[in-house]
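Before any comments, here is the structure.
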């Protein structure tokens with residue numbers, strides 16, 4: 001894969017994750033008790049033999065920059081390759097953010113040209129999946145394609161959320177529908193592309209001149225290049241999840257604790273690499289109990305955990321119970337706390353006697369489009385004082401101090 005360059009689009013805010021992405025971009029959100037979402041795409045690259053990678057960041061990039069660094073956990077601290085963080089930059093005439101996914105690649109043409117790649121693989125940094133990109137590239141070459149798009153079949157009822165491909169018997173794409181109300185197919189684009197660099201470079205330069213364009217691969221570039229008759233669909237049959245909503249993020253995490261999880265993070269032949277703090281082994285006290293859960297290193301467990309994902313450095317006090325929840329790194333939970341159906345973001349403190357996620361579901365009074373499930377969400381760097389009671393579908397903001405004894409009914413908020 002010496003003639004291939006990987007470009008990971010990691011600038012998205014991920015607004016549908018609510019408070020979880022107010023301070024950090026979606027690719028930097030923790031996942032699976034140990035990782036950040038971008039780790040899966042980064043690991044796919046190195047496992048596929050792609051060691052020249054550009055990560056295109058934009059929204060609140062500082063944590064992502066620190067996490068990736070020079071790429072050592074992924075074996076990317078190497079000469080003649082490695083990982084480069086690519087942020088929008090000022091020119092003599094203007095200072096601009098990336099206007100769209102295609103514009104993000106266009107603005108980094110000079111970086112790409114330095115490597116003189118024959119092919120570029122354009123990837124999203126905010127999906128959970130394993131894919132061997134070498135198979136993807138070889139398929140692209142075998143079809144003599146100019147562009148190839150990874151696709152998978154989705155339920156027809158969900159097809160309106162995706163870019164939809166209509167293909168012929170040879171998987172050549174003959175029509176493309178961007179998030180159609182009435183889809184003609186259920187073959188959905190995963191936002192993962194292989195392009196011949198010389199070809200797509202010219203297309204991007206022309207698109208940049210078009211002031212009416214959104215400069216987006218899905219909306220503009222792909223429909224415009226179908227006339228070449230050399231754009232193909234690569235059928236992907238593995239596991240892939242967007243985790244773009246509160247519910248899908250929570251469900252995808254909790255799938256990991258099934259007896260046979262649909263996505264195997266323990267596969268020795270396809271390791272997921274990450275940068276994580278070195279911590280002592282997890283400690284479960286004699287009175288502690290863990291059932292059907294993931295508990296990461298550095299944890300101290302004196303209470304009960306059931307069907308949950310617990311990240312590094314979490315402390316759980318005596319008499320406390322966590323059920324069906326995702327608890328991120330370095331959360332401190334006091335004694336006699338009850339947490340059910342919740343997501344608690346990193347570095348938050350929940351003090352003694354609190355009850356979180358109890359009662360019945362109610363529609364959110366804050367934002368019913370984002371918070372549309374029974375899951376209660378608590379932002380990062382927040383302190384919940386003693387004896388607070390939160391119902392279901394409650395949202396607590398980042399950097400908040402919730403006063404002692406606060407009661408918030410289901411669907412309520414403290415922002």
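Results, tabulated for the structure shown:
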item: Residue match in region 302-310 (condition: under 22 Å from the mean Cα position of the chain (by Cα) and part of a strand (DSSP E or B)); result: yes
item: Residue identified as surrounded by fewer than 16 Cβ atoms within 10 Å (Cβ to Cβ) and either closer than 23 Å to residue 19 by Cα or at pLDDT below 95 (or both) among 330, 369; result: 369
item: Filter result (in a helix (DSSP H, G or I) and under 28 Å from the mean Cα position of the chain (by Cα)) within region 209-222; result: 217, 218, 219, 220, 221, 222
item: Segments classed as helices (runs of 4 or more DSSP H), wholly inside region 95-192, with at least 3 members that are assigned by TED's automatic domain parsing to the domain that holds residue 28 and either over 30 Å from residue 51 (Cβ atoms) or under 21 Å from the mean Cα position of the chain (by Cα) (or both); result: 101-106
item: One residue from 68, 50, 24, 8 being in contact with a helix residue (DSSP H, G or I) (Cβ under 7 Å, 6 or more places away or on another chain), surrounded by 19 or more Cβ atoms within 10 Å (Cβ to Cβ), farther than 28 Å from residue 198 by Cβ and not assigned by TED's automatic domain parsing to the domain that holds residue 313; result: 24
item: Checklist (1) buried (at least 18 other Cβ atoms within 10 Å of the Cβ); (2) within 19 Å of residue 2 (Cβ to Cβ) applied to residue 77, failing item; result: (1)
item: Cross-chain or 6+ apart pairs with Cβ under 9 Å, region 353-373 first and not assigned by TED's automatic domain parsing to the domain that holds residue 333, then buried (at least 17 other Cβ atoms within 10 Å of the Cβ); result: none
item: All positions within region 227-246 that are loosely packed, with under 15 Cβ neighbours inside 10 Å and either part of a helix (DSSP H, G or I) or at pLDDT 95 or above (or both); result: 227, 228, 229, 235
item: Matching entry among 58, 2 (being within 29 Å of residue 331 (Cα to Cα), assigned to a loop (DSSP other than H, G, I, E, B), free of Cβ contacts under 8 Å to residues at least 60 places away in the same chain and out of contact with any strand residue (DSSP E or B) (no Cβ under 7 Å at 6 or more places or on another chain)); result: 58
item: Test: residue in region 382-390 that is touching a helix residue (DSSP H, G or I) at 6+ places or on another chain (Cβ under 7 Å), in a strand (DSSP E or B) and under 25 Å from residue 295 (Cβ atoms); result: no
item: Lone unmet requirement of (1) closer than 27 Å to residue 45 by Cβ; (2) assigned to a helix (DSSP H, G or I); (3) out of contact with any helix residue (DSSP H, G or I) (no Cβ under 9 Å at 6 or more places or on another chain) for residue 205; result: (3)
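The values are calculated or read from the model by the stated rules, or taken from the named source; none is laboratory data. Computed from a predicted model, the values in this text were never measured in an experiment. Using ideal geometry, Cβ is built from the backbone for each residue, glycine included, and neighbour counts are taken over all protein chains shown.
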